[in-house]
1. Counting only the backbone N, which residues of region B:63-94 are under 14 Å from the spot 7 Å out from the Cα of B:GLN125 toward its beta-carbon?
2. Taking amide hydrogens as modeled 1.01 Å from N in the peptide plane, which residues meet the under 5 Å criterion relative to A:VAL193, leaving out close sequence neighbours?
3. For region A:42-95, place one equal point scatterer on every Cα, skip the solvent, and apply the Debye formula. What is log10 of I(q)/I(0) at q = 0.15, 0.22 Å⁻¹?
4. Residues of B:127-135, mean number of Cβ from any other protein chain within 10 Å of their own Cβ, rounded to a whole number?
5. Calculate log10 I(q)/I(0) of region A:26-238 for q = 0.18, 0.19 Å⁻¹, where I(q) comes from the Debye formula with a single equal point scatterer on each Cα and nothing for solvent.
6. What average number of partner chain Cβ atoms lie no more than 10 Å from the Cβ of the residues making up A:72-79?
7. Using per-residue counts of other Cβ atoms within 10 Å, averaged over each peptide, order A:198-205, B:64-71 from highest down.
8. If you put +1 on each Lys and Arg Cβ and -1 on each Asp and Glu Cβ, how big is the dipole of region A:122-181 around its Cα centre, in Debye rounded to 20?
Amino acid sequence: MKHLVRVIAFFLLFSFIVPFAYAEKLDDKVLLSYFDDSLIFGDSRMESFKRFVDGIRQTDESFLDKTKIVPAGSISLYAASRTYPSGDFLFYYHGRQLTMYGIADRIQPRKVFVMLGLNDPVAVKIDKALSWVEDIIHKMNETVPDAEVCFISETPVTENFDSEKKVEGYQVSLDEYNKRLKETCEKNGARFVDIAHALKGEDNFLKLDYSNDKVCHLSEEGNAALLQALKDYVQEQYDLGLWSPGAAETEPAPAETTAE
Amino acid sequence: MAKRILALLILMCLAVTSCSADTTSDPLLEKALRISKDSTELIKMSEDDIIDIIGIEPEYFTDYAYLTGKDTSVGRELIILRATDEDAAKLVVSRLESYREQRMRCTRNYYALAYRALSESEVLQDSLLIVLSVGSPDPKEPQLLLQEG
């Protein structure tokens with residue numbers, strides 16, 4: 001009997017391990033095709049990430065060449081959530097100030113990624129920030145109903161953030177915000193991409209090597225880690241059967257419209 | 001034999017044409033890379049970036065170079081365009097000024113170095129040639145870029 005139990009246990013273990021051991025590791029180009037016809041909004045961190053991507057494009061023109069990254073330095077989640085352009089911090093696209101929705105309407109992307117919140121800062125006003133997240137999801141769904149809306153988790157901060165920004169325990173609050181951001185996305189039919197864990201050190205703060213200002217902005221190494229975290233997310237989606245390569249190519253890419 | 005010689009000549013012509021195209025297709029880019037003292041640290045931006053970021057459509061210029069520094073907090077940029085005609089030149093100048101103002105709004109109280117560099121910069125024009133140089137290590141860069149040849 002004991003022997004039989006051992007054999008069954010062995011088979012169960014084997015059947016569990018084998019699919020993982022032989023799970024297909026997708027090539028980088030295939031993984032990045034997930035972002036084809038995507039529109040990525042962000043603040044200064046995304047501006048820096050775009051520059052990092054531009055740097056890679058110097059030797060590989062095809063790198064994320066079907067992805068539009070539209071950053072606006074200093075923009076807050078709140079300012080970005082509004083449906084009218086006003087104030088200083090707005091997205092600037094094709095020579096004019098536009099809202100996220102205006103840009104999405106022109107581009108008609110298949111996926112809309114949003115990485116905003118550093119400039120609010122969201123972790124000291126979690127409830128309000130999540131209401132802006134809901135606004136963005138709903139307004140984006142109205143603007144581009146066929147597009148998937150995906151929120152990228154807030155990037156961690158270094159230990160220096162508290163003294164620099166005169167706040168207390170910001171990273172702990174940020175962890176809570178990211179947890180609730182995931183729940184908010186799930187509740188409202190949006191996706192959540194967790195990249196925060198990939199940027200943290202053992203002390204739960206942003207790794208110092210990953211920050212160029214040693215506070216919150218990402219260095220080249222940090223941007224490389226962010227890129228890897230995005231690829232890991234796609235691989236995970238593939239492993240879970242939630243995405244397959246070529247899915248984006250089954251339909252022709254929509255042409256950019258000039259309508260306002 | 002004659003056919004082989006003809007094929008060889010055609011191939012040579014093609015090679016010569018493609019080589020000469022390589023050396024003359026990007027004169028403003030070549031000029032910008034030659035003049036800027038930090039050219040090895042700059043990233044070449046695409047025509048799509050000129051449209052998306054600055055808002056100038058390709059029909060308004062015949063040639064361009066758009067280079068940026070790797071660190072966005074420093075604000076280093078070099079943009080040089082040759083406008084299609086005088087009307088296009090007016091639009092190019094206006095779009096570059098709007099872009100510069102927008103960058104100043106975004107960097108004020110945020111990226112001190114970038115804001116200062118933008119504040120000290122200006123859009124310069126000589127006939128159809130238009131330049132915006134920001135944060136160059138060489139203060140003479142904008143004027144050198146405007147000089148033809």
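1. Flagged as within label range: B:81-94.
2. Those lying under 5 Å, H to H, from A:VAL193 are A:PHE151, A:ILE152, A:SER153.
3. Taken in order of the listed q values, log10 I(q)/I(0) reads -0.49, -0.84.
4. Mean number of neighbouring Cβ atoms from other chains: 0.
5. -1.44, -1.61
6. 3
7. B:64-71, A:198-205
8. Charge dipole, region A:122-181, about its Cα centre: 160 debye, nearest 20.
Every number in this text was worked out from the coordinates using simple rules, so none of it is lab data. No experiment lies behind these values; they were computed from the predicted model shown. For neighbour counting, all protein chains shown are included, and Cβ atoms are generated from backbone atoms with ideal geometry for every residue, glycine included.
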